[in-house]
Amino acid sequence: MGVAEMSGVSFTTFQLRGAAYQWWRAYELSSPEEAASLTWTQFSYMFLREYVPQSLRDICRVEFEQLHQGVMTVSEYTVCFSDLAQHAPNLVATVRERVHRFIERLHPSIRISMARELEMDISY
């Protein structure tokens, strides 16, 4: 489990100000004390739904659906993939689906070598 998943919510909510802080405070006050802490994925989903207009989320989802590495470096593609994937959680609901889609959209020369990893059915 990465740092973001383990402590990202605490770190991020500590920095909220204004309306975002009030939104988070209202969430905390309405949650039962015994409720489990939110994961980063859950928090991100809630935050995006609250502060990113549906029309923009739809545009990002379509961009994600059409995303291919193309002329981007793998690092640039990785950043773009991660940013846009937040808006299409149903397309990459599991880690396995996320990895498969990532590899599927890589430049063919890179994808061929990565496909061997998928064929070996390595646990993600």
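The values are calculated or read from the model by the stated rules, or taken from the named source; none is laboratory data. Every value quoted in this text rests on a predicted model; they were computed, and no experiment measured them. No Cβ is skipped: glycine too gets one built from the backbone with ideal geometry, and neighbour counts run over all protein chains shown. These accessible areas exclude ligands, DNA and RNA; they are computed on the full protein's heavy atoms, side chains included. Shrake-Rupley method; radii C 1.70, N 1.55, O 1.52, S 1.80 Å.
Whole-Hz Karplus values for the stretch 79-93 come out as 5, 4, 4, 5, 4, 6, 4, 4, 9, 9, x, 5, 7, 9, 5 Hz, taken residue by residue from phi with 6.51 cos²θ - 1.76 cosθ + 1.60 and θ = phi - 60°; glycine and proline positions read x. Average projection, convex hull of the Cα set of the stretch 13-55: 3.5 square nanometres.
Checking every one of the GluC sites (Glu not before Pro) in the stretch 1-94 against DSSP loop status and a limit of 11 other Cβ atoms within 10 Å picks out 33, 34. Computed in the context of the full set of protein chains, the accessible area of the chain at 1.4 Å probe radius has 59% of its extent on carbon or sulfur. Gyration tensor over the Cα atoms of the stretch 1-116: the corresponding equivalent ellipsoid has semi-axes (square roots of 5 times the eigenvalues, largest first) of 32, 16, 12 Å.
Estimated from helical segments only, the mean residue ellipticity of the chain at 222 nm is -21000 deg cm²/dmol, where each DSSP H run of four or more residues counts as -39500 (n - 2.57).
Couplings 3J(HN,Hα) for the stretch 50-55, derived from phi with the Karplus relation 6.51 cos²θ - 1.76 cosθ + 1.60 (θ = phi - 60°), are 7, 10, 10, x, 4, 4 Hz, where x marks Gly and Pro. The solvent-accessible area of residue 62, taken with every protein chain present and a 1.4 Å probe, is close to 50 Å². Listed values for the stretch 21-28 are Karplus-derived 3J(HN,Hα) couplings in whole Hz (6.51 cos²θ - 1.76 cosθ + 1.60, θ = phi - 60°), namely 5, 4, 4, 5, 4, 4, 4, 4, and x replaces Gly and Pro. Would you give the gap between the C-alpha center of the stretch 67-85 and the C-alpha center of the stretch 12-45, rounded to a whole Å? Centre-to-centre distance over Cα atoms comes out at 29 Å.
For the Cα atoms of the chain, what angle does the longest principal axis make with the long axis of helix 108-119, in degrees from 0 to 90, nearest 10? So the inclination is approximately 70 degrees. Excluding ligands, DNA and RNA, the accessible surface per residue across the chain is 70 Å² with a 1.4 Å probe.
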